[in-house]
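The values are calculated or read from the model by the stated rules, or taken from the named source; none is laboratory data. Source: prediction; values computed, not measured. Backbone-built Cβ (ideal geometry, glycine too); neighbour counts: all protein chains shown.
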Amino acid sequence: MEALLTAAFLSSLLTGAIVAGIPLLLAGLGEQMSEKAGVLNIGIEGMMLAGAYLGFLTAWTSSSIWLGFLGGIAGGILVAALMALLCVVLRLNQIVIGIALTLGVEGMTALLHHFQFSRTYPRLPAPDRVDLPFLTDIPVLGPSLFGRHPLVYLALISVLVLAFLYRRTNLGLTLRAAGEKPAALDVAGGHVIAIRSAAVLFTGGMAGLGGAYMANIGAGLFIPYMTGGAGFIGIVLAMLARGRPLWVLAGALIFGAALSLTTALQVAGSNIPTDVIQMLPFAAVMLVLVIWGRRARLPAALGVGYERGAR
Amino acid sequence: MTLPAQTASDMSEAVGLHTVTKRFPGVLAVDGVSLTVRTGEVHVLLGENGAGKSTIVGMLAGLQEPDDGHISVAGTGSRLDSPSASLDAGIATVFQHVMLVPTLTVFENLVLGAPWWRRPHRAQIERRIAELSRDFGLKVQLDAMTGDLSLGEQQQIEIARALLRDARVLILDEATSMLTPSGADELGAQMRRLAERGLAVIFITHKLGEAYRFGDRISVLQQGRMVGDIAPDALARMDEDAAIEEMVRLMFGGSDTSASLYRDRPAPTAAPLLSVERLGTEGGAEMMALKDLSFDLRPGEILGIAGIDGNGQKQLAEALSGQRSATAGRVMFDGADVTRLSVGQRRKLGLRYLTDDRLSEGTIGIFPIAENTVLKDIGAAPFWSGGIERPARIGAHAREVIRHYSVRAPSEFTPIGHLSGGNIQKVLLARELTGEARAVIFNKPTYGLDTRNIAASRRRIREIADKGLAVLLISTELDELIELADRIAVMASGRIRGTVVNDAGAGDLRLRLGRLMVDEGKMADTTGDAA
């Protein structure tokens, strides 16, 4: 096993943790916002996939990776708007609608992709990187941490912004109240439906951006079903993070590393069967849930629609 | 919405209802009510459960809109179509159930609902809270976690929040129901000071004494209609007894409620049906243990269990019904030892228990009335045959229950959680009396009911005993026990401290019972085996 601990392996693992971790981070942060406001957003997998598809399509037609990200955000928000309408405004069951949206988007994006590209999978050009001067030259850590796409840095900054928002602003307070006791927020003059809808739309935007990152930066192409459960891992991250964005970041990097073990081990020349290695992230999810799942503290009104004056 | 400046007169209208009507499915909750609340007054809205008080609060708070009629604020017609519209109009409400987020700090709850883009201003809030504590004696600790505070403390926060928003009308819905008597008096004094500062205070209650002591003006509601009003000058001329008599007259429309139901009849002498011998249960951090309890209960007899709440009464009821296992002694029923029998087996023998926890233990709120009537007979004939539910038979049974016990409900399909406490109690009683009932344990049967339902429930309990059933009546209300019971046993600290024969005529009965109730061991030496 000593051979595994080479610079090449570590570097590749770190790179992988970030490349695979950033979409999880975006999804986890997005989901956290919905859950804080009391909406269990199971549809996030579908939002990511819609973001991946629209993000790729926009980037491919416009040849601009940044327009691609905007397209991804729009795709996620589109699905989220449907979720907000059905679950927040019309108070339908959040779990049923979430699963339906995910399944619907999976089928729809596969179909659209097939119409457009038939069985070809066109590739995007490699994205630009921002090489931070000097830092990139640090061995092992340097290229992994500091030679990444600017979106990586934006995602990391958003962790701090969200942490501030939740703790120190009236908006964060309103979100927390909507998730814990919406009736109290309502009679205090807040707007439960508006804040919950906004939170769901934010989730859609973040998930869509994460999906677009997977398609445009991670893979460079769109494949149907390509998100492969990243949104669901995002839900797990949000639940385990107990409302703290920094914990979502930590979890995303751990899961990202687990997801990228396959590549890293191949780089290191290991002979463990790939099937076993590909199982690791999901084993990790289960292990983490078994160990820390009990401690997950969820908002009291999570998953419960709010109706004014209902007894 | 803009509001005109208040007129010079300090008795001007703060808020008014003009022939307001509100319907809910199957219920006319408020029927053409007109009401004027003036600044500088504590205006009491008095009525039984279901009289429409809470609906009026809901409309003033912006939770519901009237179907007919309109609401005016400071003399101008206003549409209160959301809680924020109501707050903007200067109406703040302290609801019956606390409307604070338990996981937020007190400070966070105070600033909740402010525009989301605004940062909370800690220093400013601190200064205003200091003023409020000085002027009104409000107790608010800003950094406490709200859920850790007592309900009384949380209520103070809600009042403080109303004042922080410069409310001109403060509504207190059943605000004393969760307070101790001295807490209620403090709240009454606070209301007085607020009214003196020019607020209009609307105080909703069903307690007549509080209405008299705290109110300037009393309006009485009955079944959604405004049936009477006692103006400040009239109220000032009355003493408490006269005022209460007037309120009772208005609330019950002259029907007699004060007729004594004292059981003037020979004590039953039949052989005991239920015998409890040196019964004991295990205690815990939250639960008092029962120690060495013994008593007999005869058919046709009502044995009262008196005591301050939480001295083991619930454990006794549960040990008898089979919900709690006994660790010592035995329970004999009709000559057989039932100590080890299950709840269902005891029920079949005719030993029935009517819980005091109607909502979480007694019923399943979202199930229709029909299914709740057979909840304790699942799988049994005639409502099930061969394991298959027979909805037609259950429905017919439920309709019979509704008719016979005059349950006020739209139909047997109504979820039982939508009924008032009194009506749920009727369904529960019907369920316990179904089949071969021989002994019924009542745990606080009239707790939380309104006056009319209390009287009806007591009448039923007496009828049950007159039919020859044995009744164990656990109650914290001495009046109830003196009215109904043949003998009264007093529980304290998980033991029976003494049993007295109910001789309501003798003046010091209450005194004797009271002495046994407060006993903490030192009295046990002299009266421990007074039975």
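Number of residues in segment B:435-464 that are assigned to a helix (DSSP H, G or I) and hydroxyl-bearing (S, T, Y): the value is 2.
Could you check how many residues of segment B:164-177 are over 21 Å from the mean Cα position of the chain (by Cα) and in contact (Cβ under 8 Å) with a residue 60 or more places away in the chain? Number of matching residues: 6. Number of residues in segment B:513-531 that are at pLDDT 70 or above and either surrounded by 17 or more Cβ atoms within 10 Å (Cβ to Cβ) or assigned to a strand (DSSP E or B) (or both) equals 3. Scoring B:N423 on the criteria (1) surrounded by fewer than 16 Cβ atoms within 10 Å (Cβ to Cβ); (2) in a helix (DSSP H, G or I); (3) not aromatic (F, W, Y) leaves a single failure, condition (1).
Using the structure shown, decide if B:R487 is closer than 20 Å to B:F333 by Cα and either in contact (Cβ under 8 Å) with a residue 12 or more places away in the chain or not assigned by TED's automatic domain parsing to the domain that holds B:G300 (or both). It is true that B:R487 is closer than 20 Å to B:F333 by Cα and either in contact (Cβ under 8 Å) with a residue 12 or more places away in the chain or not assigned by TED's automatic domain parsing to the domain that holds B:G300 (or both).
Within segment B:41-89, the residues that satisfy the criterion of being away from chain A (no Cβ under 14 Å), crowded, with 20+ Cβ neighbours inside 10 Å and of a type outside the set (D, E, K, R) are B:V42, B:H43, B:V44, B:L45, B:L46, B:G47, B:A51, B:G52, B:I71, B:V73, B:A74, B:S78. Only residues that are over 13 Å from A:P299 (Cβ atoms) and more than 7 Å from chain B (Cβ to nearest Cβ) were counted in segment A:173-191, giving 1.
Taking segment A:94-200 as the region of interest, the helices (runs of 4 or more DSSP H) fully inside it that hold 2 or more residues being within 30 Å of B:G147 (Cα to Cα) and either among the β-branched types (V, I, T) or modelled with pLDDT of 90 or more (or both) are A:94-117, A:150-168, A:170-180, A:182-187. Screening A:L201 with (1) within 14 Å of chain B (Cβ to nearest Cβ); (2) touching a residue at least 40 places away in the same chain (Cβ under 8 Å) gives one miss only, at (1). For the residues B:A236, B:A189, B:A231, the requirement of being surrounded by fewer than 16 Cβ atoms within 10 Å (Cβ to Cβ), out of contact with any Ser or Thr (no Cβ under 8 Å at 6 or more places or on another chain) and within 22 Å of B:H97 (Cα to Cα) singles out B:A189. Number of residues in segment B:343-389 that are surrounded by fewer than 19 Cβ atoms within 10 Å (Cβ to Cβ) and assigned to a helix (DSSP H, G or I): the value is 10.
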